[in-house]
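Q: First the structure, which I've put down as structure tokens, then a few questions once you've had a look.
Computed from the coordinates by the stated procedures, all read-outs in this text should not be read as laboratory data. Here the structure is a predicted model, which means the values were calculated and not measured. Virtual Cβ from ideal backbone geometry, glycine too; neighbours counted across all protein chains shown.
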Amino acid sequence: MDKNTSDRNKSSDRSRTSDQNKSSDHNKSSDHGKSSDHGRSSDHNRSSDHGKSKDEQQFIEKLISVRRVTKVVKGGKTLRFSALVVVGDGKGRVGYGTGKAREVPDAVKKAVTQAKRDMVRVPLREGRTLHHDVCVSVGAGSVLVRSAVVGTGVIAGGPMRAIFEALGVQDVVAKSLGSSNYHNVVRATFAALTTIASPRSIAARLGLKVNDVIDRRDLVLGRKKSQADSAVDASIVNA
């Protein structure tokens, strides 16, 4: 009788220890699975954050104006918002767009999408200023844009400053001579930027040498060449 009781106790102890071992193994495996899932999710979040930051660094967005517009319909008035946005990469590409929506964020999003789709490339001199001066009128808007020497900065106001900052221009002098409406100023400024041409493109179109074009430009502008300007012109010719 005692032997049977002792055997039963031993078997029950063995079953208890085996159950405990199984439960501990199950807990360890579940903890390992949770940690692996957590690591995967954290890696995914890091990669998505990295992609977002890269995309945000690629373009410079400037909100010029947001207006509330009302449309009168048969059932009453419809209230919406209109946004004007300028987008650039800071390296010679820039675009503008407009968007309308019932909410301001949606209108800005539409404008940014249109601006990215309609971007234009503007040739820059030394990557900081324009190659030559230009004066353009579009409708009621009229602007004067002039290249500037190193250290001048961006001397422009309103939407023109936003355009030059998104474009990546560091030295420029600009003035709006016509309408002060934001849309007219932006259209005229982009019309002026699209007429900017580099000496190399002008020489190729006219069949001249780059040096001749550069000399003619300096003669028209009435500028005296400095050593720095001569070095820059030599780099343009040799490029």
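Q: Using per-residue counts of other Cβ atoms within 10 Å, averaged over each peptide, order 73-81, 210-218, 91-99, 166-174 from highest down.
A: Averaged packing, sorted descending, gives the order 166-174, 91-99, 210-218, 73-81.
Q: Roughly how large, in nm² to one decimal, is the mean projection of the convex hull of the alpha-carbon atoms in the stretch 70-122?
A: One quarter of the hull surface, i.e. the mean projection, equals 4.0 nm².
Q: Using Cα pairs closer than 8 Å and at least 6 residues apart in sequence, work out the relative contact order for the stretch 143-222, in percent.
A: It rounds to 28 percent for the stretch 143-222.
Q: Continuing with the same structure: From Cα pairs below 8 angstrom and at least 6 apart in sequence, can you work out the relative contact order of the stretch 58-121, rounded to a whole percent? Working shown, then result.
A: Values: 153 pairs, mean separation 18.9, N = 64.
With pairs under 8 Å counted, the relative contact order is 30 percent.
Q: Something else now. Provide the packing ranking of 180-189, 145-154, i.e. peptides ordered by the mean count of other C-beta atoms within 10 Å per residue, highest first.
A: In descending order of packing, they fall as 180-189, 145-154.
Q: Describe numerically, in nm with one decimal, the distance between label points set 7 Å from Cα along Cα→Cβ at Lys209 and at Val149.
A: Once both label points are built, they end up 2.7 nm from each other.
Q: Then there is this: Taking the Cα-to-Cβ direction at Asn181 and at Thr78 and moving 7 Å from each Cα, how far apart do the two end points lie in nm?
A: Roughly 2.2 nm, to one decimal.
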